[in-house]
Protein chains: 2
Amino acid sequence: MARPPRSRYARLVAALPATVPFVPPEAFERQAGRPLKLRIGANESAFGPSPKALAAMRAAAGQVNWYCDPEGFVLREALARRHNVARDNIVLGAGIDDLLGLIVRAFCDPGDRVVMSFGAYPTFAFHVRGFGATLVTPPYRRDRNDPEALAAAALRRKARLVYLSNPDNPTGSWLTAGDLERLVAGLPAGAVLVLDEAYSDFAPADAIPALDAEDARVIRLRTFSKAYGMAGARIGYAVAPAELVRTFDKIRHHFGVNRVAQEGALAAIGDTDFIAGVVAEVESGRREYGETAARLGFAALQSATNFVALDIGTTERAKACLARLLSEENCFVRMAGVAPLNRCIRVTVGTKAERQGFAQALSRVAPGLPA
Amino acid sequence: MARPPRSRYARLVAALPATVPFVPPEAFERQAGRPLKLRIGANESAFGPSPKALAAMRAAAGQVNWYCDPEGFVLREALARRHNVARDNIVLGAGIDDLLGLIVRAFCDPGDRVVMSFGAYPTFAFHVRGFGATLVTPPYRRDRNDPEALAAAALRRKARLVYLSNPDNPTGSWLTAGDLERLVAGLPAGAVLVLDEAYSDFAPADAIPALDAEDARVIRLRTFSKAYGMAGARIGYAVAPAELVRTFDKIRHHFGVNRVAQEGALAAIGDTDFIAGVVAEVESGRREYGETAARLGFAALQSATNFVALDIGTTERAKACLARLLSEENCFVRMAGVAPLNRCIRVTVGTKAERQGFAQALSRVAPGLPA
């Protein structure tokens, strides 16, 4: 059979669907023609950046005519000290999303298999599809990542990568360090665990494995977008073997991590008191959301993140709840797109006032949900 | 013959050399253990961002806990008005470098041919190699891009892309709108001109072609890194057919253009007086560099950018000049890596004081250069 004529685009790109991972809160505001009252759907920090980070970013803005240091030397030194690794084990990225794209590109030829739980991070799936790799998606088990199923799928399908967010998004659940070590030990030869620790600042100590940065089987990802309150600045990093960091240097945007973000991140990691305060407040907020849910007859999934998944019972009810929160209460939350998590709405921990506002909004919406 | 065993990396990435496009000024400072006195090598603006942009960035830093609008709606509306095109003809990127990567990825399968002048923008070459495409590099002619040679090479090699910076880096030269229109008309079917207009704010009006945004044969790239003084913020955009903008949506980092940069850019395009002042000052500075060069017996290439290439005579002399400026004068400038431009040093127009400092530095260094 004759091959179809080639489009003007690259084959991989021509074959991609025209979908985007997320509709932003700004799009809802534009549709409704009014600002949101509660923006608690994207797991952004309600507590802003550290005042020290803010001051550093405002100072850096005055020198924004200069490109950033493409080697990110000073920040990588500071991060290396923090993690007790070498500077050569750290690579900066414009957020974890940027690093996820680089990882898929670095490891996957078209057709290679990549494992993650069904319904896990859509942006990772976006990159996997974008480079023509094939997603293998074992289901969540009891609303948690199932490490045995992930390892088994990786073995069976000879996967190159296994992606896991720990603590997890969208469930909020977490695996222990022991679970993760067993998962790594069970991977097929050459496979790599992409360990997305975006929410690790909120996690109990036993969820954070003591990894060897030179272990070729693991890439650890961290971000300033969550507890550090700098999502809009775009900065994250990977801790990985030096050889892998050098491989990223072959393909990354060398000047891509903006100057303001680098300076802000450097100041932020020095402000441990601020982060401890955010983490404590988020813990209170999760408790409050749990109480709100219980009062209205919903279960709250246990969470070690800055959000809580509230179990609304069925996907029909969850969709109705989300839609009514948006249209009647001007409240933006999100929900997972697929089963079994699509019976839940996912609510970011806001400020005290935002939590109270959400409790009121949900209590007005809940009685009218479908049976 | 047996195929060699596959590395743990993707084939394209495993095959890439471990080179990076540029050594940053910060690396020289670290090597020397002292700060540079003159940082005039990376074509950064000496005149900073507009005060309005600076105020907007400082305000935006306070809301950096929120992700950016991934649709970049407000900024794209403003840019569309500016260019008299539709919002759907604009795609934002984290600088032109980001967009160049997307363009190569969108259009090129491994082995596809891409044309640019030999010695033109190294970061574009980095992306071309990174996606496995093949560079075809006709030489500069009389220190200018040669549109006939570029079109002929594109035709002969059935190229997918032709890259051209206009005004050009590293020469500072420019083609006229008529030259560009003839180049586009001469491209093979399906090929696209990647028109990098990073320096267009400094250019004479006749260097800027009146393009139809829906012309499938051209992608026009603009940045806030040069005249707008926001290189460290990371923001640029493309003007392109709506269908191509939708294709970028299949692969771009949707949250990748940081919030501070978007707000800064929006304010910056409203401050036309500031930009006019920068452009006038840069014009004076180019004249001064020309006078300095003439006084010392060097020719200055005619430039429509914020830098001037000074012809030092031979590559040996240019290298010596660059090295002595750095080691003896703490002055960072750059030079092209290949002939025929590697007989020149490339000097960014600094402030009045920086220009005087450079004139003094060069006059001390010049007498000792090899014959």
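Quick note: the coordinates plus some simple rules give every number you see, no bench work behind them. Predicted, not measured: the structure shown is a model, and the values here were computed from it. Cβ sites come from the backbone with ideal geometry, for glycine too, and all protein chains shown count toward neighbours.
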**Report entry** Helix-derived mean residue ellipticity, 222 nm - over chain B, DSSP H n ≥ 4, -39500 (n - 2.57), to 500
**Finding:** -12000 deg cm²/dmol
Report task. Enumerate the aspartates and glutamates that residue A:52 could reach by cross-link, defined here as Cα to Cα under 16 Å, with residues fewer than 8 away along the same chain left out. Result -> A:263, A:271, A:273
Requested in this report: Evaluate 2.2 N^0.38 Å with N set to the residue count of chain A, then give the Cα radius of gyration divided by it.
Outcome: 1.00
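Using Cβ counts within 10 Å as a stand-in for footprinting exposure, how do B:272, A:247 rank, fewest first? Don't jump to the answer; show the numbers that get you there.
Values: B:272 11, A:247 25.
Exposure proxy ranking, most exposed first: B:272, A:247.
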Query - For the protein assembly as shown, the Rg and Dmax computed from alpha carbons only, in angstrom - result: 26.4, 91
**Report entry** Label distances, nm, residue A:297 versus same residue in remaining copies, Cβ-directed 7 Å point
**Finding:** 9.5
Report summary line: Over all viewing directions the Cα convex hull of the stretch A:236-295 casts an average projected area in nm² of 6.7 nm²
**Report entry** Copies compared at residue A:364 - label distances in nm, ascending, label defined 7 Å from Cα in the Cβ direction
**Finding:** 7.1
**Report entry** Shortest-first distances to equivalent copies, position residue A:148, nm, label 7 Å out along Cβ
**Finding:** 7.5
Query raised in the report: If you wrap the stretch B:296-344's Cα atoms in a convex hull and average its projection over all directions, what's the area in nm²?
Result: 3.7 nm²
**Report entry** Placed amide H near residue B:45: partners under 5 Å, 5+ positions off or other chain
**Finding:** B:229, B:231
**Report entry** At 0.692 mPa s and 37 °C, Stokes diffusion of the stretch A:211-258 via Kirkwood alpha-carbon radius, µm² per second
**Finding:** 274 µm²/s
Query raised in the report: Could you state the per residue volume, in Å³, of the convex hull enclosing the Cα atoms of the stretch B:1-128?
Result: 254 Å³
Query raised in the report: Using every alpha carbon pair in the stretch B:276-371, what percent of pairs falls into each 5 Å bin from 0 up to the bin containing the largest distance?
Result: 3, 15, 26, 28, 17, 8, 2, 1, 0
Query raised in the report: Amide H of residue A:163: which non-local residues (sequence gap of 5 or more, or other chain) have their own amide H closer than 5 Å, using H built in the peptide plane?
Result: A:115, A:116, A:194
Query raised in the report: Please identify the GluC sites (Glu not before Pro) of the stretch A:166-214 that satisfy two criteria: DSSP loop assignment and at most 16 other Cβ atoms within 10 Å. Which are they?
Result: A:214
Query raised in the report: Dividing the convex hull volume of the alpha carbon atoms of the stretch A:85-227 by its residue count, what do you get in Å³ per residue?
Result: 103 Å³
Query raised in the report: Separation of the stretch B:186-220 and the stretch A:233-272 by C-alpha centroid, Å?
Result: 33 Å
Report summary line: Shape descriptors of the stretch B:32-91 over alpha-carbon atoms, Rg and Dmax in angstrom, are 17.0, 50
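For the stretch A:193-305, take the alpha-carbon Rg, divide it by the Kirkwood Rh, and send me Rg/Rh. Provide the component values of the computation, followed by the final result.
Numbers: Rg = 17.1 Å, Rh = 16.3 Å.
Ratio value, two decimals: 1.05.
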Query raised in the report: Rounded to the nearest 5, what % of the DSSP beta bridges within the protein assembly as shown are antiparallel ones?
Result: 50 percent
Report task. Any aspartates and glutamates with Cα under 20 Å of the residue B:319 Cα? List them, leaving off those in the same chain fewer than 8 positions away. Result -> B:26, B:29, B:143, B:311, B:328, B:329
Query raised in the report: So how far apart, in nm, are the two label points at residue B:77 and residue A:296 if each is 7 Å from Cα heading toward Cβ?
Result: 3.2 nm
Query raised in the report: What nm distance separates the two modelled labels at residue B:189 and residue B:34, each placed 7 Å from Cα along Cα→Cβ?
Result: 6.4 nm
Query raised in the report: Residue by residue, what Karplus-based ³J(HN,Hα) values in Hz, rounded to whole numbers, does the stretch B:112-127 have, using 6.51, -1.76 and 1.60 with θ = phi - 60° and x for Gly and Pro?
Result: 5, 9, 10, 9, 8, 4, 5, x, 6, 4, x, 5, 5, 4, 4, 5
Query - Cα principal axis extents for the stretch B:154-198, largest first, Å - result: 29, 19, 15
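Among A:30, B:220, what is the fewest-to-most ranking by other Cβ atoms within 10 Å? Could you put the intermediate results ahead of the total?
Values: A:30 14, B:220 23.
Final ranking by Cβ density, sparse to dense: A:30, B:220.
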